[in-house]
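Comments concern the structure below.
The values are calculated or read from the model by the stated rules, or taken from the named source; none is laboratory data. Nothing here was measured: the structure is a model prediction, and the numbers come from that model. Don't worry about glycine lacking a Cβ; one is built from the backbone with ideal geometry, like all the others, and counts go over all protein chains shown. Remember, those area values only see protein heavy atoms, side chains included, never the ligands or the DNA or RNA. Shrake-Rupley method; radii C 1.70, N 1.55, O 1.52, S 1.80 Å.
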Amino acid sequence: MAAPHSDVHAPVQLRVTGSVNKVRFRAESGFTVALARLKNEEGEDPDATLVGLMPPIEVGDTFSADVVMEEHREYGYQYRVLNLILEAVPADLTPEGVAAYLEARVDGVGKVLAGRIARHFGAGTFDVLGSEPQLLLQVPGVTQSTLHKMVQSWSSQGSERRLLAGLQGLGLSISQAQKALKHFGEPALDHLQQDLYALTEVEGIGFLTADRLAQAQGVPQDDPRRLTAAAVYALQQAALQGGHSYLPRERAVKGIMHYTRVGLPQAQLALDNALEFSRLKDDDGRIYLPHALRAERKLAQTIRVLLATPPAEAWEVRDNAARGLDDAQAQVLELLRDQRLVVLTGGPGTGKSTTTRRVADLAEALGLDVGLCAPTGKAARRLGELTGRTASTIHRLLGYGPGGFRNNHLEPVMHDLIIVDEVSMCGDALMLSLLSAVAPGARVLLVGDVDQLPPVDAGLPLMALTQAAPTIRLQKVYRQAAQNPIIAAAHGLQHGEAPQWGDARLSQVAVEPDGGARRVALLVRELGGPSQVQVLTPMRKGPLGVEMLNHHLQGIFNPGEGGTRIADGEARPGDVVVQTKNDYQNEVFNGTLGTVLSAGPGRLQVDFDGNVVELSGAELFNLTLGYALTVHRAQGSEWGTVLGVLHEVHAPMLSRNLAYTALTRARERFVAAGSTRAWEVAARRQREERCTHLLERIRSA
Ligand SMILES: Nc1ncnc2c1ncn2[C@@H]1O[C@H](COP(=O)(O)OP(=O)(O)OP(=O)(O)O)[C@@H](O)[C@H]1O
């Protein structure tokens with residue numbers, strides 16, 4: 001093997017062949033750590049460490065692979081796999097090698113039988129197994145049922161390996177091949193050989209990759225399959241990037257031109273094609289993905305039923321139930337008497353949680369069963385603390401698992417009253433799952449701040465519901481508004497006014513992008529360090545993005561070398577990390593912050609608010625450093641002191657809701673780092689309206 005040149009830091013890419021000595025670790029995602037004998041024309045490495053996404057390899061497998069040699073601070077040199085294609089037979093064709101391979105890979109064959117078969121057929125064993133399996137009955141101990149099991153397992157894994165190898169032959173990387181195989185199943189190869197653009201449907205692949213592969217195969221620019229796929233992709237991107245449930249026709253056509261670089265006539269033709277094949281739907285000039293149109297119609301219908309049907313259980317507002325509440329808050333208790341669906345909205349400190357708690361108290365006093373939930377684990381925990389009851393995520397309440405939501409209209413959640421907090425974070429899909437699972441006659445109280453950031457997912461259900469359902473909007477600010485300039489500034493933002501800086505609890509520090517991340521890290525130190533201050537910024541990338549800020553914050557507050565590899569760097573004991581995906585096994589949810597207790601090769605022990613979990617392998621890639629977070633990820637959380645980074649470099653993200661959400665994450669003190677002009681721009685910019693037709697559908701007869 002080419003010995004690594006210590007002075008050359010550019011990663012060395014090699015093409016090697018090899019055989020597997022040992023599989024150390026394999027995650028469901030295909031992330032694998034293995035030991036293998038590697039060789040190429042320059043030499044051999046008898047026991048190399050391979051890491052990365054690989055097909056299901058086993059001891060004895062042979063393969064060819066593109067690898068990059070990298071030096072890991074903990075384990076020395078190892079090879080990161082860029083692509084690995086399995087050969088169909090083992091490397092070692094001696095009777096021992098054949099026996100070991102049979103035993104490892106073929107069901108129904110134990111050590112003794114494998115030895116007999118290997119001694120009987122030698123290197124020809126696999127041909128016999130593949131083409132004349134009956135001959136195996138000559139070997140004592142091989143019965144019909146054993147033979148059946150052997151043939152079954154050999155042919156199924158054989159087809160998986162052939163499919164993966166075939167997909168890789170189309171130019172897919174191993175991870176893309178595995179995603180495609182998972183998405184399409186057996187017909188994957190035929191399907192993609194007919195239309196490589198079908199890859200657009202595969203989660204995590206998308207149109208641009210499919211287009212690159214198809215162009216490499218010489219598919220012409222105006223191929224109808226290409227144009228149709230681009231039309232679908234334009235709508236997918238509109239939902240992902242802008243939260244749109246549909247696009248007006250002319251915007252859909254523009255999207256297609258953007259992704260395919262074809263002219264207007266062809267783009268219109270592409271859209272008509274996609275409509276003709278029902279890959280898209282035209283609802284009176286509004287272009288939808290089919291599932292999005294179905295969801296919006298279903299959600300509107302579900303809401304109409306909730307608005308039109310009476311609650312099952314009796315409800316009476318006993319005299320002391322509304323004690324201490326103002327008229328608006330008390331009105332919520334009144335509305336729930338006859339209404340099944342009530343909305344409570346208001347800015348920070350207006351008394352939403354106080355009201356929520358009273359509703360729960362009254363419901364329980366009336367003998368009703370109350371369920372409390374919120375979109376994120378963090379918000380659920382806060383709801384539980386504020387109401388003194390157990391609260392869960394919406395996913396947990398609906399019994400979310402690998403097969404999706406257990407509870408739905410067929411098997412509703414058996415609560416008489418469901419209270420949902422931070423409901424501004426719910427997109428149409430989650431709102432539909434939630435409202436579909438409400439038991440007949442049960443009530444729902446939706447609580448949220450409609451001026452917060454819109455949901456990450458498509459749709460704006462809370463906006464529609466505040467106009468279609470009985471809604472109480474709390475205006476009176478209780479949390480010491482006068483003394484607390486943050487709340488006053490937040491309410492000012494709602495009217496387009498930038499905050500007035502200068503108070504000790506609401507101050508601004510000029511920071512320019514160049515060298516700004518380090519400047520922010522030093523500011524955090526002045527403010528008491530990461531345990532006292534949470535840094536928020538709109539973007540992940542860029543000189544003032546999360547990644548750059550975390551790099552400098554880790555460098556100051558937890559300096560050192562190496563650590564365990566996570567999504568955006570390396571974590572060491574003491575580091576603040578944040579979970580970026582819901583992990584139901586470990587009960588750790590997107591947005592939860594934790595502290596690294598210990599770090600070892602390929603594993604971390606993290607304390608998430610008292611929930612100490614061991615994470616390893618691919619789970620580590622659901623973690624990023626958490627000294628700085630995006631404003632989006634901070635929703636539903638709040639801290640004593642927030643250092644909010646906002647500068648014109650964030651221009652595309654600057655909006656009133658973004659600034660408002662950042663500001664309202666701070667309970668006591670908010671320090672703005674960046675430029676005051678950015679806040680003026682943000683205050684004036686109402687976010688771009690989302691294309692959703694939900695309100696009109698709820699209102700239409
Ligand atoms: N009717 C009321 N009269 C007097 N004080 C009230 C009233 N309602 C709420 N408060 C007080 O105002 C403060 C804020 O109330 P609460 O936490 O319910 O607001 P909130 O809207 O839930 O805030 P956030 O949006 O941060 O959750 C609390 O200290 C609460 O006790």
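Descriptive notes on the structure:
- Scanning segment 684-701 for residues that are over 25 Å from the mean Cα position of the chain (by Cα) and modelled with pLDDT under 95 yields a count of 5.
- Hits in segment 538-550 - residues which are in contact (Cβ under 8 Å) with a residue 40 or more places away in the chain and either over 19 Å from the mean Cα position of the chain (by Cα) or within 20 Å of residue 615 (Cα to Cα) (or both): 542, 543, 544, 549, 550
- Considering segment 552-578, the residues that are open to solvent by less than 40 Å² (accessible area, probe 1.4 Å) and in a loop (DSSP other than H, G, I, E, B) include one that is nearest to residue 31 (Cα to Cα), namely 563.
- Any hit, segment 297-314, residues being open to solvent by 20 Å² or more (accessible area, probe 1.4 Å), acidic (Asp, Glu) and touching a residue at least 24 places away in the same chain (Cβ under 8 Å): yes
- Subset of segment 232-254 that is among the hydroxyl-bearing types (Ser, Thr, Tyr) and within 19 Å of residue 269 (Cα to Cα) - its residue that is surrounded by the fewest Cβ atoms within 10 Å (Cβ to Cβ): 233
- Of the residues making up segment 347-377, those that are within 13 Å of the ligand (Cβ to nearest atom) and at negative phi number 13.
- Note on segment 255-348: no enclosed helices (runs of 4 or more DSSP H) hold 2 or more residues that are modelled with pLDDT under 95 and within 29 Å of residue 637 (Cα to Cα).
- In the condition set (1) open to solvent by less than 10 Å² (accessible area, probe 1.4 Å); (2) more than 16 Å from the ligand (Cβ to nearest atom), residue 333 is compliant with all but (2).
- Residue match in segment 146-162 (condition: at pLDDT 80 or above, under 26 Å from residue 50 (Cβ atoms), of a type outside the set (Lys, Arg) and in contact with a helix residue (DSSP H, G or I) (Cβ under 8 Å, 6 or more places away or on another chain)): yes
- Segment 351-367 residues that are over 16 Å from residue 334 (Cα atoms), paired with ones that are open to solvent by 40 Å² or more (accessible area, probe 1.4 Å) and part of a loop (DSSP other than H, G, I, E, B) (beta carbon under 6 Å, 6 or more apart): 351/478
- Within segment 455-513, considering residues that are among the β-branched types (Val, Ile, Thr) and modelled with pLDDT of 95 or more, the one nearest to residue 300 (Cα to Cα): 466
- Number of the condition not met by residue 613 [criteria: (1) within 16 Å of the ligand (Cβ to nearest atom); (2) under 21 Å from the mean Cα position of the chain (by Cα)]: (1)
- Checked against (1) open to solvent by 40 Å² or more (accessible area, probe 1.4 Å); (2) closer than 19 Å to residue 634 by Cα, residue 524 passes all but condition (1).
- Number of residues in segment 240-270 that are of a type outside the set (Ser, Thr, Tyr) and under 19 Å from residue 294 (Cα atoms) equals 7.
- All positions within segment 379-407 that are assigned to a loop (DSSP other than H, G, I, E, B) and open to solvent by 40 Å² or more (accessible area, probe 1.4 Å): 388, 389, 390, 402, 403, 406
- Just one residue in the set 368, 362 is open to solvent by less than 30 Å² (accessible area, probe 1.4 Å) and part of a loop (DSSP other than H, G, I, E, B); that residue is 368.
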